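Q: Sharing a structure with you now.
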Amino acid sequence: MTATALTPAQLAHGLRIFTEGAFELDEAARARLTKALASGEHISSFLLEGVVEKQADAANWRQLINRLDKGEDVIEAVTTIRRMLTKKLLEYGESTSTSAIANDMNRQEREAARRFLDRTGGLI
């Protein structure tokens, strides 16, 4: 049995569906934080970490959707973002800010880049 290649339109549609999931996870993490802030609950590092992680994931997928919405070819869009993220991972090391939060945000951005590269690796 051989696999059938997806058309660019099918690939773009599938990526949009996947991206919606990333956006929903980002929104849910933000909603949990907003609820905790509004109710006066204790804000834990786990709550903040969840927002930072999902925000970083969604940012890469948002870049992809923005490119597709502007009419860029799906393969070109994925390839361009993959190149940008690879360059970022190879050229920039870990953050050395005095802020632990800033360091974690940078770490989450790197991890999100790795996840994006992993999830899109077989597409091009």
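Please treat every number below as a calculation from the coordinates, not as lab data. These figures come from a predicted structure and were not determined experimentally. We place every Cβ from the backbone using ideal geometry, glycine too, and count neighbours over all the protein chains shown.
Q: Counting other beta carbons within 10 Å of each Cβ, put Glu53, Glu20, Glu91, Glu72 in order, fewest first.
A: Taking fewest neighbouring Cβ atoms as first place, the list is Glu91, Glu20, Glu72, Glu53.
Q: Could I have the simple spin-label model distance between Thr7 and Arg107, label points 7 Å from Cα toward Cβ, reported in nm to one decimal?
A: 4.6
Q: Then there is this: Which FRET efficiency value, to the nearest 0.05, is calculated for Ser95 and Ala38 with the Förster distance at 22 angstrom and r the Cβ-Cβ distance?
A: Here the calculated transfer efficiency is 0.15.
Q: Enumerate the lysines that Lys87 could reach by cross-link, defined here as Cα to Cα under 25 Å, with residues fewer than 8 away along the same chain left out.
A: Partners within reach: Lys54, Lys70.
Q: Who wins for biggest fluctuation among Ala112, Ala77, Ala31 in a Gaussian network model of the chain, springs between alpha carbons below 10 Å?
A: Ala31
Q: Then there is this: Using only the Cα atoms of the chain, what do you get for the radius of gyration and for Dmax, in Å?
A: 16.8, 58
Q: So for the chain, averaging the separation of alpha carbon pairs under 8 Å that are six or more residues apart and normalising by length, what relative contact order in percent results?
A: Numbers: 85 pairs, mean separation 34.2, N = 124.
Relative contact order for the chain comes out at 28 percent.
Q: To test your reading of the geometry: what angle, between 0 and 90 degrees and rounded to tens, separates the Cα axis of helix 8-39 from the longest principal axis of the chain?
A: With rounding to tens, the tilt is 10 degrees.
Q: Return one number: the angle in degrees, 0 to 90 and rounded to the nearest 10, between the long axis of the Cα atoms of helix 45-69 and the longest principal axis of the Cα atoms of the chain.
A: 30
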